[in-house]
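Only one structure is covered here, and it is reproduced in the block below.
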Amino acid sequence: MFMKHNLQFLCASALALALSFPAFAANKDMIALQTQVQQLADQVQRLQQANDERFGAMRSLLEQNTDTLNRLSNSLDAISHSLQTSTTDQGGKVDQVSAQVQSLHDSVDELKARMAKISKQLDDMAAAQQNLQSAPPGGQPGQPGQATQPQQPQAPPPDVLYNQALSDYNGGKYPLASQEFSDYIKYYGNTDLAGNAQYYLADIEYRNGNYQQAAQDYDKVLEQYPSGNKAAAAQLKKGYALLQLDQRDAGVRELRALIARYPKSLEAQQARDRLRSLGLTATASKPSPSRR
């Protein structure tokens, strides 16, 4: 009798255990899912914290570049003021300082390009963080069965392309720099540095002795980017190119127009010096009245 009672008890226990097993398995799956969700939340929090730290570092670097750009601009103003107050017998020194000013201008251009790159990186990081926060849990970047569009070849970022072109230009790699500046104008013709790229294209022609093409390319700077920071330099070099082509009257008119348009600029001072070397003045002399 005792054995029979124990056998009935064991059967009942086994049946109860079998009935509770599905509930136990479901509870175990729920705990595993909650653990994965918590791990994902922790990863998102760590990523957001890392992005916040990167934002702070990038903004600090942007402020430093802005301060450097302001100091360079002040240096350019000081040099230009010094040149304007110099005596007329300092033509050689003017040419030397002019080269230094051109180098400073190039440095300013590089800084602007770097600041644009930093701003783009900040925007990309903010967009990535926003997409991550708005993405549904467990979402996949693509669904099966959807057609994948082939990626089109893209141009390098504007700052990368411009800096590379400027580096090749300063290194004397004129054919390569010319192609890169042409690509910059093709892809980024509406940016602030497009006028600079056009100027350097003309300057490469000038350095290669192609004065006719150089004059036409300098003219594009004046026509397409009249408010750019290379407009005065382009008009000065256009005048030089015309003089090299023995088009004296046209070259003189260009230099005088430059002086009238930018009277306090460094380029105007260089134009005055060139006119003096030709035995001319900055303004055309008025014809004397005829006697009757």
Local electrostatic count at residue 194 - Lys and Arg +1, Asp and Glu -1, tallied over other residues with Cβ under 11 Å: +2
To make sure I understand, if each residue's beta carbon is the centre and we count other beta carbons within 10 Å, what order do 184, 240 fall in, fewest to most? 240, 184
May I ask you to derive the relative contact order of the range 150-213, considering only C-alpha pairs under 8 Å and at least 6 residues apart, and to give it as an integer percent? 25
Ratio of alpha-carbon Rg to the 2.2 N^0.38 Å globular estimate for the range 161-239, to two decimals, please. 0.97
Positive end of the dipole of the range 156-281, charges at C-beta (+1 Lys, Arg; -1 Asp, Glu), about the Cα centre: which of 241, 270, 226 has its Cα farthest in that direction? 270
Here the FRET efficiency for residue 44 versus residue 227, based on Cβ atoms and R0 = 30 Å and rounded to 0.05, is 0.05
Sorted by Cβ neighbour density within 10 Å, fewest at the top, the residues 264, 238: 264, 238
Would you mind pulling out the separation of the Cα centroids of the range 164-183 and the range 199-267, in Å? 20
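Computed from the coordinates by the stated procedures, all read-outs in this text should not be read as laboratory data. Note that the structure is a prediction, hence the values are computed from the model and not measured. So basically every Cβ, Gly included, is an ideal-geometry build from the backbone, and we count neighbours across all protein chains shown.
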